[in-house]
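Chemist: Encoded as structure tokens, here's the structure I'll be asking about.
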Amino acid sequence: MKPDHVIARIRAGDELHMQFTDGRRVWWFEQPHQIIPDKLAMKLLAASDCPIVEAGDSLFGLPLNSQTFLSSEEAATDA
């Protein structure tokens, strides 16, 4: 799995989802279903150009606790 593939899917309108399962983050796209490694998702969130951002549906308002992540471009147009 390459970062460009994840970014391309998000830019195409697919939503990247995250949930905590057994104390760890699980990331996935729905249709077609694809699991994204936590290490890759966290790398994208930490990147200086920050290609993905939280959608704002954070549980309890905690950072990095959202259930949905969008491309930074999509989030900017939604604002």
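Chemist: Do you know which residues across the range 1-45 are open to solvent by 80 Å² or more (accessible area, probe 1.4 Å), assigned to a helix (DSSP H, G or I) and either touching a Gly at 6+ places or on another chain (Cβ under 9 Å) or free of Cβ contacts under 8 Å to residues at least 12 places away in the same chain (or both)?
Modeler: Asp4, His5, Lys39
Chemist: How many residues are modelled with pLDDT under 70 and under 9 Å from the mean Cα position of the chain (by Cα) if we restrict to the range 21-50?
Modeler: Total meeting the criteria: 0.
Chemist: Right, something else. Any chance the range 64-73 includes a residue that's open to solvent by 50 Å² or more (accessible area, probe 1.4 Å) and either touching a Gly at 6+ places or on another chain (Cβ under 9 Å) or at pLDDT 75 or above (or both)?
Modeler: Yes, the range 64-73 contains at least one residue that is open to solvent by 50 Å² or more (accessible area, probe 1.4 Å) and either touching a Gly at 6+ places or on another chain (Cβ under 9 Å) or at pLDDT 75 or above (or both).
The values are calculated or read from the model by the stated rules, or taken from the named source; none is laboratory data. Quick caveat, the model's predicted, so the values are computed rather than measured. All Cβ positions, even for glycine, are placed from backbone atoms using ideal geometry, and neighbour counts span all protein chains on display. Remember, those area values only see protein heavy atoms, side chains included, never the ligands or the DNA or RNA. Shrake-Rupley method; radii C 1.70, N 1.55, O 1.52, S 1.80 Å.
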